[in-house]
Every structure is written in structure tokens, then in C-alpha cells.
Amino acid sequence: MQTIRTITAIAVAKLLICLSRILGNQGTAFPGRIARKIDPHILQKLAGNVKEEMYIITGTNGKTTTTNMIARILEEKGYSFVHNRAGANMITGITTAFIKESDIFGKRSFEYALLETDEANVPLLLKELTPRVVLITNFFRDQLDRYGELDSTIGLIKDAVRDTDIELVLNADDPLVVHFHNDTGLHCWYFGFEPTDYDVWEDDESREGRFCSFCAAELQYERFHYAQLGKFYCSNCGSHNPRRNFTGHNLRMTPEIRFMVNDLEISSPYLGFYNAYNILAAVSVAKLVGIQDDVVQKAIASYQPRAGRMEQFMIGDKKAIQVLVKNPTGLNQTLATLNTDVSSKALFFALNDNHGDGRDVSWIWDAQVEAISCTDSGVKSITCSGLRSGDAALRFKYAGFDEEIIEVESDLEAGIKACLNNEAEVYYFLCTYTTLFPSGKILSRLARKSQGRKQPGHVRRKLTVRGE
Ligand SMILES: [Zn+2]
């Protein structure tokens, strides 16, 4: 039985959720914040309605996609669950998510809770919630101005999970993640990839975690999958990748992803190695939940990318793909994906330096933009936009692109239209965080307009792929 206080908190928050919906806002954090003021224990109480298990998904890159994929699998299976979908991943947004799914008396129960949160929020969440599993996708530095915080954040997460019954699901290929077992003694499950055709040997990207977590000696790598993820060992103390429970193998990216997870065949409309990791992480969780193979296969195959995560738009007969890039690793991965597509490309890059993007845009110099400046990359034009369009243009110029093909248009709408005016088979829209939603809005408006004028009829063109 919930108290009057709890019921009041739920009622007020539900009203605020309704109001913000009417006003057209996402309003995901505010209702939860107010509810917590009325009843500080509201989250703990509602979390008590989870009948089966709670999963927390964290890490620097890929947590949203991974969580959305797990949600898709649970949905396919017909389970009920709480999920902080709208990307509100602070404790207030998570409170809102529980209230949204709850009835007014706070009594409706769910089978699962799927909570995505930033690394720094994990300790705070664990003060109020007792998940069965914490999944860590990877640790990368997000922005230069956050450099140095990563180690202390990792330490805080370890302190928060130590002496609990939590099980960890960890990326076996990330040296910054794998030492959680030794430092916490918790039961760990590992996912990772066998050698793939896409691995590299030379170390030319901005990489984290090149040093052994046990003895601080420099790690040796047999191969890199991407960034610091790969097969590594320490010649000083002998530490190496842990043994995997969920192994990704036979990876093909054409550019759509296909691979095996243990003996389960997976295919997905997603692109890029980093998304193969997200799929592998999601499938690992599905296996732990005990979901049947055919349900997992169907859910992953039918899962369509969401806003900014390789979302596609058809504008007339032009195929536009929007991608969120927020750090050097994300940008490197996007550029690597571009290289697997041999179509001629028009590139759009919108760079802002608002708080959500990180004030310091020098991270673009840490990314390997040079990787696509070669003549056979198929990049025909580059449109730089956003508040720091000039810095972006400079980066491309120094990467070796001909100035002739670089244009600068700081206004997003004008920039997007300028990009679409160029000749290309595919249009890639790379957007930093605060340019993502406005650009997405413009792209979907243009797509709707073009479809009004023209009857669909345009079939999705298959990407031509290098080496196939
Ligand atoms: Zn070592």
C-alpha cells in the first residue's frame, strides 16, 4: 500500500508529464524532480514493482542503442518493462520513466526495468536501486575538457558495486572495463569479438587505456577492433582479455551487419563496427534473460535505427543518413563506416560548442579525418555548418581535402540545403549533440515535403560495397 505522499507525487508528476506533452516538450526530467521533492523515496518504492529483474546499461558509447535493442527484444517477447526511452538518463528522468509506466496508486507491476545512464550517475542510482545486472559497453573519453575524470568515475562505479549481488556484463575487448572482476570480486559475464576482417594492427587512432590496469605497463596489442577495443596482453604481468561467454564471430559488414553470437546467427540493418558491439551486448543480455533465439533474431533484424543513429531519410530520390558524432572515437567509427560504402558521397558536418556538445571543439583534431581524405573515398563535397563551422572546415582542409569542395554555411537549414544541392549517391549528415535534433527536424520536413510532391516509387537503393 502506498502512502498519500507517494500517490500525490505520482499524480503531480503525471499531470506535469501530460502538460509538457501538450506543450510539445519532452519534459522528461522535470516531473521526476518534482515527484522526488514530494516523496524522496518514490523511485525506490516504484522500483519495488519490478517482478523479475532490473538492468542498468552504462558506458561512454553505445548505451542508448544497446538499451533500445534490448527493449526491442523484450517487446518482441511480450514482456512488460520500464525503460527511460527519451534519453533522460539522470536519476530524475529515470524517476519520470517509472511514474509514466505506473498507475496512479503506484501499484502496477512490470517484469523488467531497463535503465540507461551516464557513467557518472551509476553510483547515485545504486543508492536507490538494486539491479541484477550492470552492463558496461566501453569507456572512452567524451571530450577533452573531461579528460582525467574517467579514472575517478571508474573508481566510483567500482566502489558502488562492490559488496552487492550485482552481476556485471562487460566488454572483454576493452582494457578499461575488464579489470572490474579483480577489483570487485563480482560475478562477471564477458562479451567480445574474435578476430575480424576489419581489424587493424597499427595504432594511429586516439586510444584510451593503452596501459595495463594491474601494473601500469604499456599494453601490447595483437589487433585492434576499433579504438582501444581489441586483443591485448601485458608482457609485464601477463594479464590479457578475459575468456568470453558471448563471442561475436564471422562478422560481415556489407555495410549491413551480419555475424554469429556463439551459435546464433544475427543480421541487422545497422552499420558500423561500433553497432556490431551494441548488438553483441544486447544479445548477451537477451541470453542472460533466457529469451529464445528466434525471438532475438527477429527483434534485431527488425530494429530500425533511431534519431541520429544512422537514421535514414529519403528526400526526393536522395538518400540521406544522419549520424550523431560526439567524440573522436565516434567520429572515427563513422568515417570508417563511410569507407565501407563505395558510393559517391556528400558530407555534411554540423559542429556546435554548446554545453551539450562540450565547449572545447579541439576534439575534432584527435579524430582521424585523414582516413577519408584519400581520392578513392568517394567524398565529393563537404558542407560545414553549426556555430563552429569554420573550425570544422579547417579540420577537413588540414586532413588534405581540396578547398574547392569545402563549403561553410553556419545556418543549419541553409547548410543542409546546400549539401543536398551537391551531386552524390548518398548524403551523410554528421551532427554533434545540439545540432542533431534541429537537423533531424529539417531533414524529416524536407523528406515529407518531397514525398508530398512525388509519389513514393523510389526504391531504396542498395549500397555498393567495396570488395563484394
Ligand atoms: Zn600488467
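The values are calculated or read from the model by the stated rules, or taken from the named source; none is laboratory data. All values derive from a computational prediction rather than experimental measurement. We place every Cβ from the backbone using ideal geometry, glycine too, and count neighbours over all the protein chains shown. Accessible surface areas use protein heavy atoms only, side chains included; no ligands, DNA or RNA. Shrake-Rupley method; radii C 1.70, N 1.55, O 1.52, S 1.80 Å.
Here the range 43-302 is treated with +1 on each Lys and Arg Cβ and -1 on each Asp and Glu Cβ, and its dipole about the Cα centre works out to around 740 debye.
Ordering of 193-199, 149-155, 319-325 by packing is 319-325, 193-199, 149-155, highest average first (other Cβ atoms within 10 Å, averaged per residue). DSSP bridge analysis restricted to the range 309-453 gives an antiparallel fraction near 20%, rounded to the nearest 5.
Maximal additional length on extending the GLN292-LEU264 stretch stands at 9.0 nm, based on 0.36 nm per residue less the C-alpha distance.
Ranking ASN89, ASN245, GLN228 by Cα position along the charge dipole of the range 43-302, where only Lys, Arg, Asp and Glu carry charges on their C-beta atoms, puts ASN89 farthest toward the positive end.
Once both labels are positioned 7 Å from their Cα atoms along Cα-to-Cβ, the gap between LYS107 and GLU222 label points is 5.8 nm.
Taking a sphere under 10 Å around the Cβ of ASP353 and counting the other residues whose Cβ falls inside, with K and R at +1 and D and E at -1, yields a net charge of -1. Applying a DSSP loop filter and a limit of 13 other Cβ atoms within 10 Å to the trypsin sites (Lys or Arg not before Pro) in the range 352-426 leaves ARG359.
Based on the Kirkwood approach, the hydrodynamic radius assigned to the range 87-136 is 11.8 Å, with every pair of different Cα atoms included.
Backbone amide hydrogens, once placed in the peptide plane, bring TYR190 within less than 5 Å of LEU170, ASN245, PHE246, excluding anything fewer than 5 places away on its chain.
Taking the Cα centre of the range 309-453 as origin, sum charge times position over the Cβ atoms of Lys and Arg (+1) and Asp and Glu (-1), and report the length of that vector in debye to the nearest 20.
700
Which stretch or stretches of the range 260-286 have amide N atoms under 20 Å from the point lying 7 Å from HIS187's Cα along the Cα→Cβ direction? Taking a point 7 Å out along Cα→Cβ of HIS187, the residues of the range 260-286 whose backbone N falls under 20 Å are 281-286.
Computed from the Cβ-Cβ distance with R0 of 30 Å, the FRET efficiency linking LEU15 to ASP411 stands at 0.20. Averaged over its residues, the range 309-453 has an accessible area of 39 Å² per residue, based on protein heavy atoms and a 1.4 Å probe. Think of it as helices only: each DSSP H run of n ≥ 4 in the chain is worth -39500 (n - 2.57), and spread over all residues that comes to -11000 deg cm²/dmol at 222 nm. Helix screen, the chain: DSSP H segments with Cα axial length of 15 Å or more and mean Kyte-Doolittle hydropathy at least -0.5 are 4-22, 91-101, 149-161, 273-289, 328-340.
For the chain, a crude dipole built from +1 on the beta carbon of Lys and Arg and -1 on the beta carbon of Asp and Glu, taken about the Cα centre, is about 2180 debye to the nearest 20. Divided by 2.2 N^0.38 Å, where N counts the residues, the Cα radius of gyration of the chain comes to 0.99. DSSP beta bridges fully contained in the chain are about 35 percent antiparallel. According to the Kirkwood relation over distinct C-alpha pairs, the hydrodynamic radius of the range 309-453 is 14.9 Å. With both labels modelled 7 Å from their Cα along Cα-to-Cβ, the LEU394 to ARG162 distance reads 4.5 nm. Between the range 34-92 and the range 386-452, the C-alpha centres lie 34 angstrom from each other.
Using a cutoff of 8 angstrom between alpha carbon atoms and counting only pairs six or more residues apart, the relative contact order for the range 43-302 works out to 19 percent.
Projected onto the charge dipole of the chain (+1 at Lys/Arg Cβ, -1 at Asp/Glu Cβ, origin at the Cα centre), which of PRO131, GLY78, ASN182 gives the Cα projection farthest towards the positive end? Going by the charge dipole, the pick is GLY78. Computed extension gain for ASP353 through ILE22, at 0.36 nm per residue and net of the alpha carbon distance, reaches 116.1 nm.
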